[in-house]
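No value in this document is a laboratory result; all are computed from the given coordinates. Predicted model, so just to flag it, every value in this text is computed and none were measured. FYI the Cβ positions are ideal-geometry reconstructions off the backbone, even for glycines, and counts take in every protein chain you see.
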Amino acid sequence: MSVDAITENRQYLTFKLDSEVFALDVATVREVLDFTTVTRIPRTPEFMRGVINLRGSVVPVVDLRLAFGMSATEKTVNTCIIVVEVCLEGETTIMGALADSVEEVIDLEPEQIQPAPRIGTSIKTDFIRGMGKRDTQFVMILDIDRVFSADQLAGLRVASPAAA
């Protein structure tokens with residue numbers, strides 16, 4: 001969905017990775033969990049921290065900081081797992097995303113959202129749905145379906161509760 005497709009006021013869950021503020025459409029967020037034990041899966045990409053048991057379902061957990069080229073997420077009192085629904089090749093997959101902290105749910109009107117910056121042909125920014133303006137600060141609104149490529153997430157499909 002492009003910025004042009006956002007024609008009504010929407011709510012976004014804001015969270016921090018390092019000192020940057022990101023946001024996800026609340027429609028994609030299932031819940032926010034305190035950081036819990038993550039079981040590492042051998043031979044998975046570095047950004048794949050492992051899996052958690054969420055009420056009997058296996059849910060993969062990814063480290064968004066590593067996926068965005070930052071240092072690994074460190075466990076603090078504010079570290080949490082944002083459980084989201086991701087559409088992968090037409091199938092819904094439930095996964096967790098590590099965040100340094102969850103901030104708040106905000107309302108943004110279409111005129112408060114600008115298109116993602118064009119940085120050049122070699123730098124991909126298609127995972128950024130838009131840049132929300134809140135007071136004097138920009139909030140990067142993520143398109144969670146595009147944060148990870150289909151190739152990266154192909155091995156995570158086991159977590160889909162749709163098959164359960």
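The table that follows gives values for the structure above.
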item: Average Cα contact separation per residue, the stretch 3-154, under 8 Å, 6 or more apart, as relative contact order %; result: 27 percent
item: Potential extension, Glu91-Asn53 segment - 0.36 nm per residue separation minus Cα distance; result: 11.6 nm
item: Distance in nm between pseudo-label sites at Phe138 and Thr44 (7 Å out along the Cβ direction from Cα); result: 3.2 nm
item: Net length gained if the chain between Lys16 and Arg30 were fully extended (0.36 nm per residue, minus Cα distance); result: 3.3 nm
item: For peptides 26-33, 69-76, 11-18, sequence by mean Cβ density within 10 Å, most packed first; result: 11-18, 26-33, 69-76
